[in-house]
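Colleague: This is the structure, below, for whatever I ask next.
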Amino acid sequence: MATHDFRAQESANKGKTYFLLASMGLLTGLVAYAALTYFGAGTSTFMVPIAVGISLIGVWGSYYGSDKLVITMTGAKVIQREDNPELFNVIEEVVIASGLPMPKVAIVVDSAPNAFATGRDPDHALIAFTTRILEIMDRDELQGVIAHELSHVANRDTLVSAVAATTAGAIAILSDFLMRMMWFGGGRRDRNSNANPIMLVVSLFVLILAPIAATLLKSAISRRRESLADATAVSFTRNPAGLRKALEVLAADSTVVHQKSNAVAHIWIESPLDGKAVSKMFSTHPPIQERIATLRAMESLGQRN
Amino acid sequence: MEIIIVLGVIALVVLFFVAQYNRLIRLNISVDEAWAQIEVQLKRRADLIPNLVETVKGYAAHEQSTFDAVVTARAKATTASTVADTAAADGMLTQALRGLLAVAEAYPDLKASANFISLQEELATTENKVAFSRQFYNDNVRNLNTAVKTIPTSFFAGFAKVTEREFYEVEDPQSRNAPKVTF
């Protein structure tokens, strides 16, 4: 029964995130090592820092300015209390439950129900809702969605995904560099002729597969953070049913509205997720049915007590 | 060489003591802050009540006993000072308000009035805020009490003058947010 407790869920998801981030670090080391074997020390010693540097600059800017960046990318409008007092009431409730500072609130005009959270730390957090989600959700469901988004803020998911994106980016840049050099600068390899041929083949494989592995790890991390946010949301509201119903509404809706709002959804799903350090709700894995099942298990646990 | 090792060990021990002490103080302060939040929300609710009662009276003047119950409970809630008293008064007031809203159900004109609708929303959100601040307070008390009772922080509780704190318990079977969580 312990596995359905939200506290157990939280710590399990946190543990898995650490494991995945460690794997990411290991992968970076592996790529650096492969580069070292394949190209020799001269090339690799300046390539690795350059790749990490480029990736860091790229991701860090978007992490630091994530709240402002996302507003421009999604066309979200920051609103004040007077614009939607009822929404603010529900947000304030969850803010009290979480002990977090009040985030900025934004609205996106869109026919698909959705929400996201961003910002580099709880003091610069922004949570945004589409006009549609505010229309179709009742108070309890909205509370669940807000709790999920504030959980991303509480769990520092913008930072986690920024770290994941930086490493994945560095690996991609590095293996891209090295692959190009392999085709156009093959001569360099000869200097290193005493290297073990098996190691050379292994290194080649590492360089080819590393970007794919990094992308896989990145999405695995994102999935863990979604599950974690669900569990943290329940720790805020103590009402798994609210979030569960909200997920059911979204699951039912996406099959209907998806085609109609494809163009808009594309901007939302793609640009925020493309390493721009945004935790976007309900579009990616884990499968929504699985999340609903987990929340249902928490509900039955609550009734038994 | 030995001197350096000895000094290093002493420094580590001191750092460890400081960390434990600070942890207890921090936990104690978060309980105070959480308590302040409860008081803010209870005050908010108390401030809403006169307006609500007046509005309902305008449509349902003869429901005097219901109004009296609310006014009495409000008076108790605003004078309570200890955790247990505040919690008891809070529970009573919640019940009384529920009675008042149940009365309102019988008056369609009242239910349709804009003033009542906005008051009802304010009251609903304030009730939730009270419940959540209570939950947040209890979570903080639980963290503090665990620290006071478990090693190593328990060794420093006396020195830091930090003791176990009282949970905020409301007798209300209907309260959805009652933090009844097993481990």
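Colleague: Could you line up B:ARG44, A:ARG238 from fewest to most neighbouring Cβ atoms inside 10 Å? Could you put the intermediate results ahead of the total?
Modeller: On the way: B:ARG44 15, A:ARG238 21.
Sorted ascending by nearby Cβ count, the order is B:ARG44, A:ARG238.
Colleague: Run the quick spin-label model on A:THR131 and B:ASN115: label points 7 Å from Cα toward the beta carbon, then report their separation in nm to one decimal.
Modeller: Calculated label separation equals 3.4 nm.
Colleague: Provide a whole-number value for the mean count of partner chain Cβ atoms within 10 Å of the Cβ atoms in peptide B:124-131. Please list the in-between numbers first.
Modeller: Values: counts 5, 8, 3, 1, 10, 7, 2, 5.
That average works out to 5.
Colleague: Cβ neighbours within 10 Å, averaged per peptide: list B:69-81, A:137-149, B:6-18 in order, most packed at the top. Provide the component values of the computation, followed by the final result.
Modeller: Values: B:69-81: 16.5, A:137-149: 23.9, B:6-18: 10.5.
The densest-packed peptide leads the list: A:137-149, B:69-81, B:6-18.
Colleague: What FRET efficiency comes out for the pair B:ARG26/A:ARG7, r = Cβ-Cβ distance, R0 = 22 Å, nearest 0.05?
Modeller: Values: r = 21 Å, r/R0 = 0.94.
Once the sixth-power term is evaluated, E becomes 0.60.
Colleague: Averaged over A:97-105, how many beta carbons belonging to a partner chain fall within 10 Å of each residue's beta carbon?
Modeller: 2
Colleague: Can you work out the Karplus-derived ³J(HN,Hα) for every residue in segment A:82-91? Use 6.51 cos²θ - 1.76 cosθ + 1.60 with θ = phi - 60°, whole Hz, and x for glycine or proline.
Modeller: 4, 5, 7, x, 5, 4, 4, 4, 5, 5
Colleague: Grab the Cα-Cα distance for B:PHE155 and B:ALA75, subtract it from 0.36 nm times how many residues apart they are, and report the gain in nm with one decimal. Don't jump to the answer; show the numbers that get you there.
Modeller: Working: separation 80, 0.36 × 80 = 28.80 nm, distance 4.23 nm.
Length gained between B:PHE155 and B:ALA75: 24.6 nm.
Colleague: Just to be sure I understand the model, the point goes 7 Å from the Cα along the line to the Cβ. What's the resulting B:ARG44 to A:ILE57 distance in nm?
Modeller: Placing both labels 7 Å beyond Cα along the Cβ direction yields 4.7 nm.
Colleague: When you count, for each residue, the other Cβ atoms within 10 Å and take the mean per peptide, how do A:154-161, A:174-181 rank with the highest first?
Modeller: A:154-161, A:174-181
Colleague: So, one more: Spin-label point model (7 Å from Cα, Cβ direction): what's the A:GLN289 to A:ASP121 distance in nm?
Modeller: Distance between the two pseudo-spin positions: 4.3 nm.
Colleague: If the limit is 31 Å between Cα atoms, which of A:LYS14/A:LYS68; A:LYS104/B:LYS161; A:LYS77/A:LYS245; A:LYS218/B:LYS129; A:LYS245/B:LYS76 go over it? Working shown, then result.
Modeller: On the way: A:LYS14/A:LYS68 28 Å; A:LYS104/B:LYS161 39 Å; A:LYS77/A:LYS245 27 Å; A:LYS218/B:LYS129 37 Å; A:LYS245/B:LYS76 38 Å.
Correct reply: A:LYS104/B:LYS161; A:LYS218/B:LYS129; A:LYS245/B:LYS76.
Colleague: Pop out the ³J(HN,Hα) list for segment A:111-118 in order, Karplus 6.51 cos²θ - 1.76 cosθ + 1.60 with θ = phi - 60°, rounded to Hz; leave Gly and Pro as x.
Modeller: 8, 9, x, 6, 7, 8, 10, 7
Colleague: Continuing with this model, one more query. Can you give the helix-only mean residue ellipticity at 222 nm for chain B, where every DSSP H stretch with n ≥ 4 adds -39500 (n - 2.57) and the sum goes over all residues, rounded to the nearest 500 deg cm²/dmol? List each step's numbers first, then the result.
Modeller: Values: 5 runs with 138 residues, N = 183.
The helix contribution divided over chain B gives -27000 deg cm²/dmol.
Colleague: About its Cα centre, what dipole magnitude does segment A:61-107 give when the only charges are +1 on Lys and Arg Cβ and -1 on Asp and Glu Cβ, stated in debye to the nearest 20?
Modeller: 260
Taken together, the values in this text are just the output of simple stated rules run on the coordinates, not laboratory data. Here the structure is a predicted model, which means the values were calculated and not measured. Positions of Cβ are generated from backbone atoms using ideal geometry, with glycine treated the same way; all protein chains shown enter the neighbour counts.
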